[in-house]
Each structure stands twice: as C-alpha cells, then as structure tokens.
Amino acid sequence: MQIRIGFDISFELNQPTPVILMLYTHPSRAADLSAPEVLNITPATPVRDYIDTFGNRCGRILAPAGTLRLTHTATVQDSGQLDELITGAVQHAVHELPPDVIQFLLASRYCEVDRLLPIAWDLFGKTPEGWERVQAVIGYVHKHITFGYHFARSTKTAWDAWQERTGVCRDYMHLAITFLRCLNIPARYATGYLGDIGVPYDPAPMDFSAWMEVYLSGRWYTMDARHNKQRTGRILQARGRDATDVALTTSFGNSTLKDFHVVCEEVKT
C-alpha cells in the first residue's frame, strides 16, 4: 500500500535560535519514499543533516526571529503487514546481550528503573520469561492507564504515569519500557506516523505516535502498550531510550508552538 505522510508546524521565536529537527523518516525507510526527503522551511534556512548515536536522521538550523514554519509531504510504500507477533520469542540472559543493546536496560530521563524495580518484580516476577512476560506487561499497562490528551505534560515520567494512571501514548510506552527494563528485558522508545489504517476512524486531530520495541530472540519486535493490538502502516521516524532522544524539535532558546498539523493516510487507488 501507499501512505501519504506530512506535517505543517509553526513556531514563534523572539530571537535567532538554534533548533534540532527530528522530522525526517528513519533512514531504514528511505528506500520506501517516493522521492528524497527535503524539509521545507519558511523563511528559507540552511539545514545541516547528521545521524545521531541512535541512527536517527536529524537536521540542525539557526532559525531567525519571528515565525518559523516547517512543512513536508511524501508518499511511502508500505507492506501493509500487521505488526509481527512475539509468540515463542525467548528472553536473553543479560550477559549474552550485544553491547549496543545493554543501554536499553538502563534507567533514562523518563524511565526510572530504580523506583519501579520492586513493583515490576512483584507484578510480573512469577510470569514465564520471554514473550509471555512481555505480553503480560503490555496488557497490564494497557489497562492501567486511561488515555486522554488533557493528561499530557512534558515532565511526566513512568513513575508519574504509574501513580496517576492517566496519560497519552508516550506515557503508556514509558511505563511499559520501564517495567521491561526492570525485568532485564531490553526495550526502547520509537516514534513516527500511525494513521487510522485498518481500524475505525478517529475524529480527533492527527498527531505523531509513540510505540516501543522489545529485544527477544536476537531481534527487535514492535509493541504498542496503548493499543495492545497489531497495527499496520507504522512509518518510523526515530528510536531512542525514551522521548528525550526522539524529540521532534529541540530549541535552544524560547519558542512558542503556534500551529500543528499532521497527516498520515492510505492513498486510495
């Protein structure tokens, strides 16, 4: 299938401001794009691209004072396949994990492994290791948190989500990721486009989405604690330890979000 993606985002800046942009699709999806990806910036501003330590494509700009508008649209070829099931996947002993995977067992900005460690083992310590334990965590978090955009805040951590039992997609992922790391199962945060493809239409404004990836049987599997079901049409933008590493924009100075529109829809033929 073909999926149309894009965004139209505007900020107000009161002075020239350095900004990091993580708005590209992930390099692993570059071959699926209908054309090379270019960010449209108004006023015209030079962009310096680089690949960060997690393999994400980023852009650096020095944005002028005033209104900064970022737009992009593209068509992506997608397999249309559902997320792969983890049934039968096995858990690795920590000492057997590849060096680049070990970092996804550690605490991070929004994932307080130390605070939730005893709770995780109390809740899930008696479940079978491997895929069954992962699914137990995902199912628990899916039921534990009530979704609502009005519950979102930038400082909300996994511990906060656990206590408040409310949040948005990133809070579901942070709590599930933290529980899994407590149980010695590597888990990392992912963000990108996820439209209403193969599911009932949601009239709420489109937004970027968060999901997660879990390391079992020597590879990464896509999981989603918010929806707790297989989905199709995920278009990855970035991966990292938590939302800190995949912020869509990072401004080194004051900035005010003025407008925000996201598109992700199947192209009907």
Mind putting a number on the dipole of region 118-257 about its Cα centre? Charges go on the C-beta only, +1 for Lys and Arg and -1 for Asp and Glu, and I need it in Debye to the nearest 20.
180 debye
Can you tell me which lysines have their Cα less than 19 Å from the Cα of LYS156? Leave out same-chain residues fewer than eight positions away.
LYS143
Looking at the square roots a ≥ b ≥ c of the eigenvalues of the Cα gyration tensor of region 1-76, which shape do they give, rounded for a/c under 1.5, prolate if a/b is larger than b/c, or oblate?
oblate
One can check that the equivalent ellipsoid of region 136-245, built from the alpha-carbon gyration tensor with semi-axes equal to the square roots of five times its eigenvalues, has lengths in Å, largest first, of 20, 18, 13
What does the charge count around CYS111 come to, taking other residues whose C-beta lies under 13 Å from its C-beta (Lys +1, Arg +1, Asp -1, Glu -1)?
+1
Overall form of region 204-248 per C-alpha gyration tensor (a/c, 1.5; a/b vs b/c)
oblate
Sorted by average packing, counted as other Cβ atoms within 10 angstrom per residue and highest first, what order do 251-259, 237-245, 162-170 take?
237-245, 162-170, 251-259
Relative contact order (%) - region 8-106, alpha-carbon pairs under 8 angstrom, separation at least six
37 percent
Show which lysines lie in cross-link reach of LYS268 when reach means a straight Cα distance below 29 angstrom and same-chain residues fewer than eight apart are skipped.
LYS229
For region 193-267, what is Rg from Cα atoms divided by 2.2 N^0.38 Å, rounded to two decimals?
1.30
On the full set of protein chains, 1.4 Å probe, figure out the accessible area of ASP8 and give it in Å² to the nearest 10.
40 Å²
More than 12 angstrom apart: percent of Cα pairs within region 157-206:
69 percent
Please calculate the 1.4 Å probe accessible area of LYS229, with all protein chains present, and give it to the nearest 10 Å².
120 Å²
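The values are calculated or read from the model by the stated rules, or taken from the named source; none is laboratory data. All values reported here derive from a predicted model rather than from experimental measurement. FYI the Cβ positions are ideal-geometry reconstructions off the backbone, even for glycines, and counts take in every protein chain you see. For the accessible areas, the whole protein counts, side chains as well, though only heavy atoms, and no ligand, DNA or RNA atoms are used. Shrake-Rupley method; radii C 1.70, N 1.55, O 1.52, S 1.80 Å.
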